[in-house]
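Just so it is clear, none of the values below were taken in a lab; they were calculated from the coordinates. Quick caveat, the model's predicted, so the values are computed rather than measured. Neighbour counts are summed over all protein chains in view; Cβ atoms, including those assigned to glycine, are modelled from backbone coordinates with ideal geometry.
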C-alpha cells in the first residue's frame, strides 16, 4: 500500500560561478536541524565534481545531473523530484522534510522556477502531475560574491536574473573582501522584495534561510513576471544538449588523469591557468590524486584569476580515484590547457588521460 505524504517544500539555491553555493549548502546540511533534507545538484560540464564535495549522509537522497540546466530544467528537475517521490514511497530513503536544488552557476533561474510553480511549464504526463502535487517551490536563495560581484553583474545577465528572482540574497566572502563592490542597499535596488543576509555576520542563522512558505514574485523587479511569461510560452522539446556548452560564448572543458600527479606539477598547472587575467577563465573546480598522499585528494578552486588555497579531503568521496577538473570560461585557450594537463603525470609513468 502506497503512503500519502504532505507536499514537500523545495528551495532553489542559485548564484553565479564561484559565489559560494556549495559551501553554503554544506553548512546548511551540517546543521542537525536540517536532518531530512534531500539534495539535487546540477553541474555544468560532462564531469561531475560537486557531487564529491557535498556532505550528505548515506541515508539521504542525493542526485547529480550534468549539463546546462537552462536547456534541461523542466525534464531534469521534474524527473529528479519524481524519483525522489518514488524512493520515499518504496522506503528506499527515510521521510524527506525539504528539498534543496543547487543549480550550476550559469543557470538562468526562470525556466527552473517555471517548472516548479503553478501555471508554469505545462505538465507533459502523469509524472509531472504527481510532482506538482507532491512538491512546491518555497524559496529562491541567491549567493552573491562580495569581491567579484559588480564585475560579474556587468558581464553576465545570468547573475542579474539570479538576484532578481531571489527571495533571499546571501553575501559571501565578506570576511576576506577588502571592500564590498556592492552593498546590501545596492542589492535591494535590484530586488526590493529580497532579504539580504551577510554570511559572515554574527548571528547569521543558516537554517532560517530554508523556509516553508510559498514562493512569490510580488514586489520583485518588473522584469521578473515578463521572464516567467516568456518561459511559459516557450516550448521545451526533448533534444540532446552538449553538456559542455552553455551558449556560444561560455563552454566547459572537463579533464581527467588516471595516474596520480606530482604535487609541484599540479601547483604549476593551477598557477598557469589562473594567473593570466585575459585567459577567459570564469571558474575552476578540481579533485586531484597526488603522489605524496594517495588517500587524501587535493581540492582546488578558482574564481576568474583568483586561485584559493588548495585543501585535502579526509578521504575520496567515491570509488573513483582519478584526478578530474572542470574549467568554465569564455574564449579559453582550450588546446593549450589540454596539452598542459597532459604532461602533468610523473615522467616516464604509464599514462592514460581522458578528455570530456
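Okay, here's what the table says:
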read-out	value
Cα-based Rg / Dmax (Å) for the range 267-328	12.1, 37
Tail fraction, Cα-Cα pairs, the range 250-355, threshold 16 Å, whole percent	54 percent
Point-to-point label distance, residue 26-residue 89, nm (Cα→Cβ direction, 7 Å offset)	3.6 nm
Ranked list, fewest to most other Cβ atoms within 10 Å of each Cβ, for 104, 174	174, 104
Per-residue Cβ neighbour rank within 10 angstrom, fewest leading, 19, 138	138, 19
Efficiency of FRET between residue 130 and residue 259 - r from beta-carbon atoms, R0 41 angstrom, step 0.05	0.35
Alpha carbon centroid spacing (whole Å) that separates the range 175-190 from the range 275-304	27 Å
Neighbour-count ranking [beta-carbon atoms within 10 angstrom, fewest first] of 256, 11, 291, 143	291, 256, 11, 143
Debye log10 I(q)/I(0) for the range 127-189, one point scatterer per Cα, at q = 0.16, 0.21 Å⁻¹	-0.58, -0.81
